[in-house]
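The values are calculated or read from the model by the stated rules, or taken from the named source; none is laboratory data. Since this is a predicted model, take the numbers as computed values, not measurements. Note: ideal-geometry Cβ built from the backbone for every residue, glycine included; neighbour counts use all protein chains shown. Each accessible area value is taken on the protein alone, full model and side chains, heavy atoms only, with ligands, DNA and RNA left out. Shrake-Rupley method; radii C 1.70, N 1.55, O 1.52, S 1.80 Å.
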Amino acid sequence: MKAIVVGAGIAGLVAARQLGLAGWDVEVLEKSQAPRPDGYMMDFFGPGVEASERIGLYPRLAEAAYHIQSADYVDTEGRTTCSIDYLRFSKLAGGKVLSLLRPDIEAAALAALADVPAGRVRVRYGARVVKARTDGDGVHVLVEDGLRQETGADVLIGADGIHSGVRAGVFGPERDYLRPLGMRAAAFIVTEPALNARFRGRFILTDTLNRMAGLYGIRQDEVAAFLVYRDAVSPGKEAATARQRLRSEFAGLGDAVERLLDLCPGHPYDDTVAQVVMPRWHTERTVLVGDACGAVSLLAGQGGSLAIAGAALLGDILGPVTRTRGIGGALARFEQQWRPVVEVAQKSGRRTAATFLPRNNTQRLLRRWVIRATRLPGVDQLVAHQILRSIAK
Ligand SMILES: Cc1cc2nc3c(=O)[nH]c(=O)nc-3n(C[C@H](O)[C@H](O)[C@H](O)COP(=O)(O)OP(=O)(O)OC[C@H]3O[C@@H](n4cnc5c(N)ncnc54)[C@H](O)[C@@H]3O)c2cc1C
């Protein structure tokens, strides 16, 4: 059996590995020239933990993890207003929370392809898929240069992220499925030894209205930046490039943020914060996985975790299929089992959208109060979040 996977992100690589281990021949087509180095720090917990333990990926992830002690909200003078204790957060999540950079998860999934017998999974970088469809004869995929046409595979797996082209080609245009949550998020990594020394081991978040900057020191001398702001152009803040937009949206947040913005690359990651909601994720020979069909958004804090768990489940269900006519049923079972898990996380992400960026001082004070309350014995985060949501309505 042969699969073509579009996208070598977390979901695509894990799906490819699991199918390769089950004996499938897998071609992964990735538009980037090499693994993408850009990324942000992610909390890794929930279904991806159990799944990565089951498929043997967890040790590689644990090795790449950062040890963050706290997430500290600070005012523009750099004074801490409230803190989230990661040890406590980790205990509430059953002791299994890893702090991982997105590119490190991807690198771990790529390295884990070494577990598959040589030649069974091939990852082709610099291969942008411009057309993909399936019919009775199999999978037809056209790669950008127009010279390469892949045919003859049994299954097409769209693991090409929130703006999936496979989804657009097979299921319909993006506007039918993308649900924006009213914010944008940007992320980039800069080399800045002084800031690295200041923020290593601490996740710093600005305690600000309508926008939030996050920074953390990584590796030897780098700092990862994460910026979230409202998805509306503020009067006088129209900008030609993402870098200019970030400069004007995040002006006046103190010296550390100013320095980050000075070093911001010309084209940082900067995208709308959105979910993907679709009535159906598969056809007879095509299936979507990861953000392509069920993006939960950064507000749910579980997209990477769900990308691994969903791809692993797809491998479990599709892997044993040995005849073309068994594919449709397997894809239906995958969707039936996985959709409820994704929907729960999406609901949680939508609820968080109401309070993630406080709109006024009252909401900000409430957030501080809730975060402080989570440090009290007997008050867990769930209770605290419920209180916050009910007050914020
Ligand atoms: C700022 C931010 C913070 C986040 N924080 C967290 C967090 O704390 N915890 C968490 O679990 N999740 C978090 N997430 C979500 C998480 O990063 C995603 O859910 C996860 O990476 C999705 O993986 P994926 O493999 O489905 O898609 P992607 O990572 O988007 O991978 C898709 C791949 O497909 C490739 N591709 C696209 N189009 C084509 C094409 N036409 N041809 C070939 N290749 C193509 C892309 O280049 C890419 O490599 C966050 C996301 C953002 C943006």
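Are there any helices in the chain, counted as whole DSSP H runs, that stretch 20 Å or more along their axis by Cα and score at least 0.5 on average by Kyte-Doolittle, and if so which? Working shown, then result.
On the way: long enough: 303-318 (22 Å, 1.59); 327-353 (37 Å, -0.51).
What comes out of the filter, once short or polar helices are dropped, is 303-318.
Each label point is 7 Å from the Cα along the Cα-to-Cβ direction; what then is the distance between the points at GLU50 and ARG325, in nm?
3.5
Would you mind getting the accessible area per residue of the chain, heavy atoms of the protein chains only, 1.4 Å probe, in Å²?
Ligands and nucleic acids excluded, the result is 44 Å² per residue.
Using a 10 Å cut-off on Cβ atoms, rank the peptides 116-129, 2-15, 314-327 from the highest mean neighbour count down.
Numbers: 116-129: 15.4, 2-15: 28.1, 314-327: 17.4.
In decreasing order of mean packing, 116-129, 2-15, 314-327 become 2-15, 314-327, 116-129.
Based only on Cα atoms, what Rg/Rh ratio does segment 285-341 have, Rh being taken as Kirkwood's radius? Could the numbers behind the result be given before it?
Numbers: Rg = 12.0 Å, Rh = 11.8 Å.
My calculation of the ratio gives 1.01.
Got a sec? Charge dipole of the chain, +1 on Cβ for Lys and Arg, -1 for Asp and Glu; which of VAL26, MET42, VAL5 is way out at the positive end?
MET42
Size of the dipole of segment 180-273 about the Cα centre, Lys and Arg at +1 and Asp and Glu at -1 on the beta carbon, nothing else charged, in debye to 20?
Working: 12 positive and 12 negative charges, 22 e Å.
Roughly 100 debye, rounded to the nearest 20.
Count the net charge of all other residues whose Cβ sits under 13 Å from the Cβ of THR324, scoring Lys and Arg as +1 and Asp and Glu as -1. Working shown, then result.
Numbers: positive: LYS2, ARG285, ARG323, ARG325; negative: ASP135, ASP137, ASP154, GLU284.
Residues close to THR324 contribute a combined charge of 0.
If I histogram all Cα-Cα distances within segment 34-106 using bins 5 Å wide from 0, what percent of pairs lands in each bin?
Once binned at 5 Å, the Cα pair distances of segment 34-106 give 3, 14, 21, 22, 17, 11, 7, 4, 1, 0.
Do you know the relative contact order of segment 180-273, to the nearest whole percent, from alpha carbon pairs under 8 angstrom that are 6+ apart? Don't skip to the answer; put the middle values down first.
On the way: 169 pairs, mean separation 35.8, N = 94.
Contact order relative to length: 38 percent.
Using alpha carbons only, what's the Rg to Rh ratio of segment 180-273 with Rh from Kirkwood?
Numbers: Rg = 12.8 Å, Rh = 13.4 Å.
For segment 180-273, the value is 0.96.
Return, ordered by residue number, the residues of segment 1-41 whose backbone nitrogen is under 16 Å from a label point located 7 Å along Cα→Cβ of ASP145.
The answer is 29-34, whose backbone nitrogens lie closer than 16 Å to the label point.
Which three extents, in whole angstrom, do the alpha-carbon atoms of segment 327-372 cover along their principal axes, largest first?
54, 19, 9
Taking only the alpha-carbon positions of the chain and ignoring solvent, what does the Debye formula give for the base-10 log of I(q)/I(0) at q = 0.12 Å⁻¹?
-0.95
Full-extension gain between GLN220 and ARG339, please, as 0.36 nm times their residue separation minus the C-alpha to C-alpha distance.
On the way: separation 119, 0.36 × 119 = 42.84 nm, distance 4.02 nm.
Full extension from GLN220 to ARG339 adds 38.8 nm.
With the cut-off at 23 Å, tell me which of the pairs LYS2/LYS31; LYS31/LYS96; LYS31/LYS131 have Cα atoms farther apart than that. Intermediate results must be reported in sequence, preceding the final value.
Details: LYS2/LYS31 20 Å; LYS31/LYS96 33 Å; LYS31/LYS131 13 Å.
Beyond 23 Å: LYS31/LYS96.
Please sort 356-365, 293-302 by packing, taking for each peptide the average over its residues of neighbouring beta carbons within 10 angstrom, highest first.
Details: 356-365: 14.4, 293-302: 25.0.
Result, highest mean first: 293-302, 356-365.
Evaluate E = 1/(1 + (r/R0)^6) for ASP231 and GLU77, where r is the Cβ-Cβ distance and R0 equals 30 Å; express this FRET efficiency to the nearest 0.05. Walk me through the numbers before you get to the answer.
Details: r = 28 Å, r/R0 = 0.94.
Computed FRET efficiency for ASP231 and GLU77: 0.60.
How much length is gained if the chain between SER248 and VAL277 is pulled fully straight, taking 0.36 nm per residue apart and subtracting their Cα-Cα distance, in nm to one decimal? Before the final figure, lay out the partial values.
Details: separation 29, 0.36 × 29 = 10.44 nm, distance 3.20 nm.
Computed gain between SER248 and VAL277 is 7.2 nm.
May I ask you to give the percent of accessible area on the chain that is carbon plus sulfur, with a probe radius of 1.4 Å? Please report the intermediate quantities before stating the final value.
On the way: 8900 of 17110 Å².
Using a 1.4 Å probe with all protein chains present, the chain comes out at 52 percent carbon and sulfur.
Along each of its three principal axes, how wide is the spread of alpha-carbon positions in segment 151-222, in whole angstrom units, largest first?
On the principal axes, segment 151-222 reaches 53, 34, 16 Å in Cα extent.
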